[in-house]
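Asker: Here it is, the structure, as structure tokens.
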Amino acid sequence: MSETVAGLLQVGLLIVALAVVYRPFGDYMARVYTSTKHSRVERAIYRTARVDPGSEQRWGTYAQAVIAFSFVGVVVLYVLQRIQSVLPFDFGRGNVSPGMAFNTAISFVTNTNWQSYVPESVMGHTTQMVGLTVQNFLSAAVGMAVAVALLRGFLRSQTDRLGNFWVDLTRGTIRILLPVAGLFAIVLVATGVVMSLKSGVTVDGQTVATAPVASQEAIKELGTNGGGVLNANSAHPFENPNGWSNLIEIFLILLIPVCLTRTFGTMVGNRKQGYVLLGVMGVLWTAMLAVIWTAEANGLRPLEGKETRFGIPSSALFANTTTATSTGAVNAMHDSFTGLGGGGTLLNMLFGEMTPGGVGTGLYSILVMAIIAMFLAGLMVGRTPEYLGKKLGRREVAAAAVSILAMPTVMLVGAGIAAILPATQGALNNPGSHGLSEILYAYASASNNNGSAFAGITVTNDWFQASLGVCMALGRFIPIIAVLCLAGSLAKQKRVPVTAGTLPTTGPLFATLLTGAIVLVAALTFIPALALGPIAEALL
Amino acid sequence: MTTTINPPQRTPEKTQVSAGIFSPRQLVDSFPDALRKFHPRHQLRNPVMFVVWVGSILVTVFAIGDPSTFTIAVAVWLWATVLFANLAEAVAEGRGKAQADSLRKTKKDAVARLTTGETVPGTELKIGDLVVVEAGEVIPGDGDVVEGIATVDESAITGESAPVIRESGGDRSAVTGGTTVLSDRIVVQITTKPGESFVDRMIALVEGAERQKTPNEIALTILLSTLTIIFLLAVVALQPFAIFSGGEQSVIVLTALLVCLIPTTIGALLSAIGIAGMDRLVQRNVLATSGKAVEAAGDIDTLLLDKTGTITWGNRRATEFIPVGGASLDALVDAARLSSLADGTPEGRSIVELCVTEYGRSAEPTDQEKAGEFVPFTAQTRMSGIDLGDRRVRKGAASGFVLTDETRRVVDEISAQGGTPLVVSDNSAGGTSTVLGVIRLSDVVKPGMRDRFAELRAMGIRTVMVTGDNPLTAKAIADEAGVDDYLAEAKPEDKMALIRKEQEGGRLVAMTGDGTNDAPALAQADVGVAMNTGTSAAKEAGNMVDLDSDPTKLIEIVEIGKQLLITRGALTTFSVANDLAKYFAILPAMFAAIYPQLGGLNVMGLHSPNSAILSAVVFNALIIVVLIPLALRGVRYKPSSASALLRRNLLIYGLGGIVTPFAGIWLIDLLVRLIPGIG
């Protein structure tokens, strides 16, 4: 069986697996967020946290809760890293330096999982398990909560209440993330992923690091987090031992972002609305897979850094999926991709992480883009623009605009300053266009909360730790606040009935429009920068 | 005094001072105004053009520091971009001013004689003042007739030459300031303050002085500002990347790139589109109180249309001859024709028409028939007819005739079906008059209404016919006209309830009305168009007044509202789609020196880096001028489904927007390369 056929079979298997779980799992998630019942465990949590699960929040309160919760998460993670030396299972790795601890704390709370550290030599098991892994769950649940709040904005009318953040957070964690991650941790152990509290094993005099990998591997992919327990991430045989584990990990990455479109369709009462978003995500994901795959298959570069264990198709599939979902786990070195292939992974992030994007974030990002597209489309059919029964006026467009502006702003400002800092030249492995690609990739990854690294750039100096940390925080929370504000203003509106004059948003025309908007916004914003990086490389 | 008023002959050309056609002369005429708009205070109102304005200053400063043909040319064309944007707005305002002037002409300064005997200038009238106006005098302000009856010449405002009757009480009591009383004497109670009348408000709107941005325009401005910020970031960040790559760019080139990328086309034309939209409304003799109302018109989901006058002719037309008492159909047709040959009323004409079209009779009287003496309709006899020697042919209301039981049944049946029966009698057979039969007069649906409603349905608008008729008649007419729904035996309260019900479901409702009892419904409707012939109360309650008092105008108003939004959306799409070609022109020009492979992006084969950049800048400026006529006229609008409209506009303005600049920049480059110092 040739590599290509094997690759196509993997893609086919992946799509079949997703298709099988799409309806039941999507509908299950819809029930999770619409059910009025609380489980005993949840009630205990609410009692302990002194939360009244019956009370609902305005958008401002919801946003404050998100920010406050995330801020506490950052502080806790920072402190854990800084006092690591007194915690168990630290194996003498000592306290994490302030810059690195700051960067890492933000990185895991923002669901980015950008890693400026080498886990095996920096993080102890306690920090990993109590700190980083906990945030892998919580940051994912936060993303889903925000997406659900936006859906409620579309669904509800003439109310200022968007639901209760603490309830959404708890349910997402307990009813969705924990059971699925638990199940797949066991499955991954079965495929050979390591699960050990030891610091390493010594074989033939060589010590190879080990860790409680499997339990974190499952949520790393399921929550589109991407932070590896081992430095080589999913390229490491302990994290990703074989073809099956590779495919399972890709499946886990796509599971929630893909099925949330079903949740969306079910919740808004028109499943076609969900299918059309899935269609747009699928088309862009497939197109970019084709670009990266062919670029890698036909690449003329030397094999330096190329992954040979999984081969080109599996590397392309993983790379495309991880960059299109804001995950950032890698099973191959993106820096060693061809100009076009590497540029493809970069472009995936620059689309704004919505093809299909991260857990929750992908859904709300594509809905924001749909609002912009429908605003223009509404004008072109001569009606005050509307989407899903809500008018798109001044407030809605402003909120959507802020949400869309955040990522390019922090990314371009960060990368722009980095490009002219003298210290940057020393941090890069490569000069010229590939060097610029490395800078662009780092800031795109941080600003989009992806977390994958082109590598090839040493990001441990204070400037990179601080600036990338700020990019991750702003790239995460500005859109979240804007999206919640948008949800608030949508919820206040009456619902506009669907009439014969309503522009349908379930057909190929809307899909084309939305796809065009995603591509055009990314292209127009980033073509100048890309021209000097990956485009110059690819045309060589 | 005969009070029959012929239907006024419309002469719409009269008020169309500024014709819809755009002439290059208007550009020249508006030049001084355009120059005045360079003031920073004015530029600040438009974020996109403000960026161009600042860029022009920046480039000028740098061009002075480093003068060359290229730098000076870029500076000149950036200023030209600002100028063209100013020009677009000035032309639109100029046309608005012409409209305003024609409206202002109606505001003759009249002296008002109060009932107290005092004389005050028309500009100093207060609400509630009672003013006496006699034949030959100009009515000094808007108000209601509270005493007397008079014929009034309203041609100054409506363009209709036929005088109209205005009388106290009832629905024809409103008079407009600036119109002239032709006969008799009336006392008018002033209802609006001078300077706040409908005409005053409209003048302010079309002149642009009071033009406030509509909600939709604000939302679009936010989107355009967002795009501007994104491009500002992309271009500003490009410099450090260029420095990193060893190819630092000049401020002039970066500014040129920025101006080419930000949505200048729509930014320049946005206010012109809005002004022109109001202008188109005035050209159709509709006055609106706000631009918001015009936009709302584009969103209408439900149209309430009065049956009479809108859907049907209102006057009754002959549709059937029913012989009675053994008389032959031929005899009835002949008698009916004879009685109506000299009858000039619409009913009479329709009878002759039916005889001609259905029964092959002649429309022209024979010489013998001409000799007959026409007996006109009087209120006493309630019949009309013709005397031919001894022969007396009559037609008229049933009450004027002695009816058999059979005839009575026919007459009652026609009445019950909402028609009007006309009884025909003839005494040719013997000495006494015999009833030959009954003519059925029906309310006839205007031709073309069915198609019109089908168009509206395609646009997603539901039409509801409102009528005082009984449900049976209403249904028959509703079916014939093809409206979606009807409200029979409607009282004003029912209309109001219907509007409320529709609005509760989130629908936007438009209606027309003229009577005082329509006022609450007009106020409740999202778009309320009051007829100019109506009462002041109705006009105050609605947000538009139709000077022609033509209820079908509502359909045109909806189209104007839609066209306004479509023009904005189409030009925004075009503007953004243009950027792709500009990247292909400018990026290779900037960076082919450091990365020769980027020269491959120069798909247009532009001559040199300088000519490429300049060509893109020139195209960006000229496209504004090219699109001014489109902005003023509005993009072509054909009623169709939302999807069809979107598909069409995406194709023309989206795809067209991608392709056009490739051709345009390539062509301009062919000329620009000839300039010494550029090529």
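The values are calculated or read from the model by the stated rules, or taken from the named source; none is laboratory data. Worth saying up front: this structure is predicted, and the values here are computed from it rather than measured. Note: ideal-geometry Cβ built from the backbone for every residue, glycine included; neighbour counts use all protein chains shown.
Asker: Does any residue of the stretch A:503-525 turn out to be farther than 24 Å from residue B:576 by Cβ and either without any contact (Cβ under 8 Å) to a residue 60 or more places away in the chain or of a type in the set (Gly, Ala, Ser) (or both)?
Answerer: Taking the stretch A:503-525 first, the residues farther than 24 Å from residue B:576 by Cβ are A:506.
Now drop any that are not either without any contact (Cβ under 8 Å) to a residue 60 or more places away in the chain or of a type in the set (Gly, Ala, Ser) (or both), which leaves none.
Looking through the stretch A:503-525, none of the residues is farther than 24 Å from residue B:576 by Cβ and either without any contact (Cβ under 8 Å) to a residue 60 or more places away in the chain or of a type in the set (Gly, Ala, Ser) (or both).
Asker: Could you tell me which of the residues A:497, A:528 is crowded, with 24+ Cβ neighbours inside 10 Å and not aliphatic (A, V, I, L, M)?
Answerer: Details: A:497 fails: crowded, with 24+ Cβ neighbours inside 10 Å.
It is A:528.
Asker: Evaluate the stretch B:618-636: report whether one residue or more is farther than 16 Å from residue B:253 by Cα, more than 10 Å from every other protein chain (Cβ to nearest Cβ), assigned to a helix (DSSP H, G or I) and without any contact (Cβ under 8 Å) to a residue 12 or more places away in the chain.
Answerer: Yes, the stretch B:618-636 contains a residue that is farther than 16 Å from residue B:253 by Cα, more than 10 Å from every other protein chain (Cβ to nearest Cβ), assigned to a helix (DSSP H, G or I) and without any contact (Cβ under 8 Å) to a residue 12 or more places away in the chain.
Asker: Only one of B:114, B:125 is at pLDDT below 95, over 30 Å from residue B:625 (Cα atoms) and surrounded by 18 or more Cβ atoms within 10 Å (Cβ to Cβ). Can you tell me which?
Answerer: Numbers: B:114 fails: surrounded by 18 or more Cβ atoms within 10 Å (Cβ to Cβ).
On inspection, the qualifying residue turns out to be B:125.
Asker: Here is a further query. On the basis of being assigned to a helix (DSSP H, G or I), more than 8 Å from every other protein chain (Cβ to nearest Cβ) and at negative phi, does residue A:379 make the cut? Let's see the steps before the verdict.
Answerer: Values: assigned to a helix (DSSP H, G or I): yes; more than 8 Å from every other protein chain (Cβ to nearest Cβ): no; at negative phi: yes.
Taking the combined requirement at face value, the residue does not satisfy it.
Asker: Identify the residue in the stretch B:342-367 that is in a loop (DSSP other than H, G, I, E, B) and in contact with a helix residue (DSSP H, G or I) (Cβ under 6 Å, 6 or more places away or on another chain) and, among all such residues, is farthest from residue B:383 (Cα to Cα). So that I can check it myself, show each step before the final result.
Answerer: Of all residues in the stretch B:342-367, those in a loop (DSSP other than H, G, I, E, B) come to B:342-345, B:360-366.
When the remaining residues are screened for being in contact with a helix residue (DSSP H, G or I) (Cβ under 6 Å, 6 or more places away or on another chain), the result is B:361, B:363.
Numbers: B:361: 23, B:363: 21 Å.
So, considering only residues that are in a loop (DSSP other than H, G, I, E, B) and in contact with a helix residue (DSSP H, G or I) (Cβ under 6 Å, 6 or more places away or on another chain), the one farthest from residue B:383 (Cα to Cα) is B:361.
Asker: Listed residues B:214, B:221, B:302, B:265; which is touching a residue at least 60 places away in the same chain (Cβ under 8 Å) and more than 11 Å from chain A (Cβ to nearest Cβ)?
Answerer: On the way: B:214 fails: more than 11 Å from chain A (Cβ to nearest Cβ); B:221 fails: more than 11 Å from chain A (Cβ to nearest Cβ); B:302 fails: more than 11 Å from chain A (Cβ to nearest Cβ).
That would be B:265, the only listed residue that is touching a residue at least 60 places away in the same chain (Cβ under 8 Å) and more than 11 Å from chain A (Cβ to nearest Cβ).
Asker: Listed residues A:387, A:364; which is among the aromatic types (Phe, Trp, Tyr) and over 20 Å from the mean Cα position of the chain (by Cα)? Steps first, please.
Answerer: Numbers: A:364 fails: over 20 Å from the mean Cα position of the chain (by Cα).
The conditions single out A:387.
Asker: Could I ask something else about it? Which members of the stretch B:317-341 meet the condition of being under 46 Å from the mean Cα position of the chain (by Cα) and not in a helix (DSSP H, G or I)?
Answerer: B:317, B:318, B:319, B:320, B:321, B:322, B:341 - these are the residues of the stretch B:317-341 that are under 46 Å from the mean Cα position of the chain (by Cα) and not in a helix (DSSP H, G or I).
Asker: Follow-up question, since we're still on this one. Of everything in the stretch A:384-418 that's more than 7 Å from chain B (Cβ to nearest Cβ) and of a type in the set (D, E, K, R), which residue is surrounded by the most Cβ atoms within 10 Å (Cβ to Cβ)?
Answerer: Out of the qualifying residues, it is A:396.
Conditions tested, residue by residue: (1) in contact (Cβ under 8 Å) with a residue 40 or more places away in the chain; (2) more than 20 Å from residue A:484 (Cα to Cα).
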| position | (1), (2) |
| --- | --- |
| A:36 | no, yes |
| A:41 | yes, yes |
| A:44 | no, yes |
| A:53 | yes, no |
| A:57 | yes, no |
| A:60 | yes, no |
| A:63 | yes, no |
| A:66 | yes, no |
| A:69 | yes, no |
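Asker: So, one more: Please tell me if residue B:665 is surrounded by 24 or more Cβ atoms within 10 Å (Cβ to Cβ) and closer than 30 Å to residue A:431 by Cα. Spell out the reasoning first.
Answerer: On the way: surrounded by 24 or more Cβ atoms within 10 Å (Cβ to Cβ): yes; closer than 30 Å to residue A:431 by Cα: no.
No; evaluated as a whole, the condition is false for this residue.
Asker: Further question: Restricting to the stretch A:522-540, name every residue that is at the interface with chain B (Cβ under 8 Å from one of its Cβ atoms) and of a type outside the set (Gly, Ala, Ser).
Answerer: Filtering the stretch A:522-540 for residues at the interface with chain B (Cβ under 8 Å from one of its Cβ atoms) gives A:523-529, A:531-533, A:535-536, A:539-540.
Of everything in the stretch A:522-540, those that are at the interface with chain B (Cβ under 8 Å from one of its Cβ atoms) and of a type outside the set (Gly, Ala, Ser) turn out to be A:524, A:525, A:526, A:527, A:528, A:532, A:535, A:539, A:540.
Asker: So which residues in the stretch B:118-137 are farther than 18 Å from residue B:193 by Cβ and in a strand (DSSP E or B), if there are any at all?
Answerer: Once the filter is applied, which keeps residues that are farther than 18 Å from residue B:193 by Cβ and in a strand (DSSP E or B), the stretch B:118-137 yields B:119, B:132, B:133, B:134.
Asker: Can you give me the number of residues within the stretch B:306-339 that are at pLDDT 85 or above, in contact with a strand residue (DSSP E or B) (Cβ under 7 Å, 6 or more places away or on another chain) and surrounded by 21 or more Cβ atoms within 10 Å (Cβ to Cβ)?
Answerer: Count: 9.
Asker: One residue is enough: does the stretch A:270-291 have a residue meeting the conditions out of contact with any Ser or Thr (no Cβ under 8 Å at 6 or more places or on another chain), closer than 15 Å to residue A:314 by Cα and surrounded by fewer than 18 Cβ atoms within 10 Å (Cβ to Cβ)?
Answerer: Yes, there is a match, as at least one residue in the stretch A:270-291 is out of contact with any Ser or Thr (no Cβ under 8 Å at 6 or more places or on another chain), closer than 15 Å to residue A:314 by Cα and surrounded by fewer than 18 Cβ atoms within 10 Å (Cβ to Cβ).
Asker: Given the structure, is residue B:282 on the phi < 0 side of the Ramachandran plot, within 14 Å of another protein chain (Cβ to nearest Cβ) and buried (at least 23 other Cβ atoms within 10 Å of the Cβ)?
Answerer: Working: on the phi < 0 side of the Ramachandran plot: yes; within 14 Å of another protein chain (Cβ to nearest Cβ): no; buried (at least 23 other Cβ atoms within 10 Å of the Cβ): yes.
Against the criterion (on the phi < 0 side of the Ramachandran plot, within 14 Å of another protein chain (Cβ to nearest Cβ) and buried (at least 23 other Cβ atoms within 10 Å of the Cβ)), residue B:282 does not qualify.
Asker: Tell me whether the stretch A:251-265 contains one or more residues that are in a loop (DSSP other than H, G, I, E, B), surrounded by fewer than 24 Cβ atoms within 10 Å (Cβ to Cβ), in contact with a helix residue (DSSP H, G or I) (Cβ under 7 Å, 6 or more places away or on another chain) and at pLDDT 90 or above. Steps first, answer last, please.
Answerer: Of the residues in the stretch A:251-265, the ones in a loop (DSSP other than H, G, I, E, B) are none.
No, the stretch A:251-265 contains no residue that is in a loop (DSSP other than H, G, I, E, B), surrounded by fewer than 24 Cβ atoms within 10 Å (Cβ to Cβ), in contact with a helix residue (DSSP H, G or I) (Cβ under 7 Å, 6 or more places away or on another chain) and at pLDDT 90 or above.
Asker: In the stretch A:419-455, which residue that is small (Gly, Ala, Ser), part of a helix (DSSP H, G or I) and buried (at least 24 other Cβ atoms within 10 Å of the Cβ) is nearest to the other protein chains (Cβ to nearest Cβ)?
Answerer: Across the stretch A:419-455, the extreme among qualifying residues is A:419.
Asker: Here's another thing I want to ask about it. Taking the stretch A:361-373, which residues are within 23 Å of residue B:231 (Cα to Cα) and more than 10 Å from chain B (Cβ to nearest Cβ)? Break it down stepwise before answering.
Answerer: Initial filter on the stretch A:361-373 (within 23 Å of residue B:231 (Cα to Cα)): A:365-373.
Across the stretch A:361-373, the qualifying residues are A:365, A:366, A:367, A:368, A:369, A:370, A:371, A:373.
Asker: In addition: Given the conditions (1) exposed (fewer than 13 other Cβ atoms within 10 Å of the Cβ); (2) in contact (Cβ under 8 Å) with a residue 24 or more places away in the chain; (3) not in a helix (DSSP H, G or I), and given that residue A:92 satisfies all but one, which numbered condition is not satisfied?
Answerer: For residue A:92, the exception is condition (2).
Asker: Turning to a different aspect of this structure: Looking at A:502, A:460, A:515 in this structure, which one is of a type outside the set (Gly, Ala, Ser) and facing chain B (nearest Cβ under 10 Å)? I'd like the intermediate steps shown before the answer.
Answerer: On the way: A:460 fails: facing chain B (nearest Cβ under 10 Å); A:515 fails: facing chain B (nearest Cβ under 10 Å).
Criteria check complete, one pass: A:502.
Asker: On to the next question. If you check A:9, A:87, A:13, which single one turns out to be touching a residue at least 60 places away in the same chain (Cβ under 8 Å), more than 21 Å from the chain's Cα centre (by Cα) and surrounded by fewer than 18 Cβ atoms within 10 Å (Cβ to Cβ)?
Answerer: Numbers: A:9 fails: touching a residue at least 60 places away in the same chain (Cβ under 8 Å); A:87 fails: touching a residue at least 60 places away in the same chain (Cβ under 8 Å).
Residue meeting the stated conditions: A:13.
Asker: Checking residue A:482 against (1) touching a strand residue (DSSP E or B) at 6+ places or on another chain (Cβ under 8 Å); (2) at pLDDT 95 or above, which single condition isn't satisfied?
Answerer: Residue A:482 satisfies all of (1) touching a strand residue (DSSP E or B) at 6+ places or on another chain (Cβ under 8 Å); (2) at pLDDT 95 or above except (1).
Asker: When you check residue B:606 against the structure, is it within 14 Å of chain A (Cβ to nearest Cβ) and crowded, with 17+ Cβ neighbours inside 10 Å, yes or no? Spell out the reasoning first.
Answerer: Working: within 14 Å of chain A (Cβ to nearest Cβ): no; crowded, with 17+ Cβ neighbours inside 10 Å: yes.
Criteria not met by residue B:606.
Asker: Outside any helix (DSSP H, G or I) and buried (at least 24 other Cβ atoms within 10 Å of the Cβ) - does that describe any residue in the stretch A:190-204? Walk me through it before giving the result.
Answerer: Just the residues of the stretch A:190-204 that are outside any helix (DSSP H, G or I), to begin with: A:192-204.
This time we only want the ones that are buried (at least 24 other Cβ atoms within 10 Å of the Cβ), so: A:193.
Yes, there is a match, as at least one residue in the stretch A:190-204 is outside any helix (DSSP H, G or I) and buried (at least 24 other Cβ atoms within 10 Å of the Cβ).
Asker: Would you mind stating whether residue B:596 is within 11 Å of chain A (Cβ to nearest Cβ), farther than 24 Å from residue A:521 by Cα, within 33 Å of the chain's Cα centre (by Cα) and not hydroxyl-bearing (Ser, Thr, Tyr)?
Answerer: Values: within 11 Å of chain A (Cβ to nearest Cβ): yes; farther than 24 Å from residue A:521 by Cα: yes; within 33 Å of the chain's Cα centre (by Cα): no; not hydroxyl-bearing (Ser, Thr, Tyr): yes.
The answer is no for residue B:596.
Asker: Six or more apart or on different chains, Cβ atoms under 9 Å: show the pairs whose first residue is in the stretch B:30-44 and over 12 Å from residue B:91 (Cα atoms) and whose second is among the basic types (Lys, Arg) and in a loop (DSSP other than H, G, I, E, B).
Answerer: Here the result reads B:43/B:37, each pair linking the stretch B:30-44 to a residue that is among the basic types (Lys, Arg) and in a loop (DSSP other than H, G, I, E, B).
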